[in-house]
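Heads up: the structure comes next, in structure tokens.
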Amino acid sequence: MAEDENTAPIAVVVGQNCRRIRTEADVTQNMLAKNARYIGLRWTTSKVGQFERGQNTPTFGTVMAVSIALSWATERNVLPADLVEFDGFIEFNAAFKLAGPKVVAALRGEPWGVLRAEDSGISVDRDFVSKAFAAFANRGSPSRYRDLLIGDVAEAQRRSGLDEDRLIKRLGISNDLLAEASVYLWGRSFSDERDRLAGPDANAQKRGRISRNLQKQIEEELARGDH
């Protein structure tokens, strides 16, 4: 279990639910292991025990297989959503946890909706258009950028990825400024322009060469002043 009593790793949640469903139906670990083998899990009784104690982080494929094996062994319909029932937060990795009811709902086909801080433990601002508008309007943009369409800048920000994050750190500039300069130069984000020039089958060397050339263009544009 995690230090927070209201948080449990996904392996523990799935394992505990597996044990609960199995014991409620009076199914032994040996019976479950037999049915698990029918669907490709090379399980023994001890392997079932390890799984139920949360000693092995399950893949999605394993969760699917266990739900079917439990359905066969218990003679009831056990869905993957049944294996993630938990009132607290389910921890998927060190940086991400999600409220159990949200996980269950997603596995039952319900839309994510807005992920609030109380649902995921994190708060992510995905309103790129409003964010870009506010930044563009309030930062005193250089005169050369005043004619850019805010929607184009917002789209460049939305489509930015790890390449943009690395470039921002390397050049010591803001995400807003990189998006504005990129739209001014190419009409699209840095990474979109790189991918356009490189083509779908480019190797890492070609993509790197193009990225360095585009970075040079950004640096030359910013060096022209008023930034």
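For S174 and E221 in the same chain, what is the full-extension length gain: residue separation times 0.36 nm, less their Cα-Cα distance, in nm?
Full extension from S174 to E221 adds 15.5 nm.
Compute the length gained on full extension between S71 and Q50: take 0.36 nm times their separation in residues and subtract their Cα-Cα distance, giving the result in nm to one decimal.
5.6 nm
Please give the net charge around D195, taking every other residue with its beta carbon less than 14 angstrom from that of D195, where Lys and Arg add +1 and Asp and Glu add -1.
Working: positive: R159, R188, R194, R196, K206, R207, R209; negative: D163, E164, D192, E193, D201.
Around D195, the surrounding residues sum to +2.
Near the amide H of K97, under 5 Å away, which other amide H atoms are found, from residues 5 or more places off or on another chain, if H is placed in the peptide plane?
F92
Setting aside same-chain residues fewer than 8 positions from K216, which lysines have a Cα under 23 Å from its Cα?
K169, K206
Which length gain, in nm to one decimal place, applies between A95 and W112 when the Cα-Cα distance is subtracted from 0.36 nm times their residue separation?
Numbers: separation 17, 0.36 × 17 = 6.12 nm, distance 1.89 nm.
Result: 4.2 nm gained on full extension.
Which value, in debye to the nearest 20, gives the size of the charge dipole of the range 141-227 about its Cα centre, when Lys and Arg are +1 and Asp and Glu are -1 at the Cβ?
So the dipole magnitude of the range 141-227 works out to roughly 360 debye.
Suppose every Lys and Arg Cβ carries +1 and every Asp and Glu Cβ carries -1, with no other charges. What dipole size does the range 7-120 come out with about its Cα centre, to the nearest 20 debye?
Numbers: 13 positive and 11 negative charges, 92 e Å.
Charge dipole, the range 7-120, about its Cα centre: 440 debye, nearest 20.
Just so you know, all these numbers are worked out from the coordinates, no wet-lab data involved. Quick caveat: nothing in here was measured; it's all calculated off a predicted structure. Quick reminder, even Gly has a Cβ in these numbers, built from the backbone with ideal geometry, and neighbours come from all protein chains shown.
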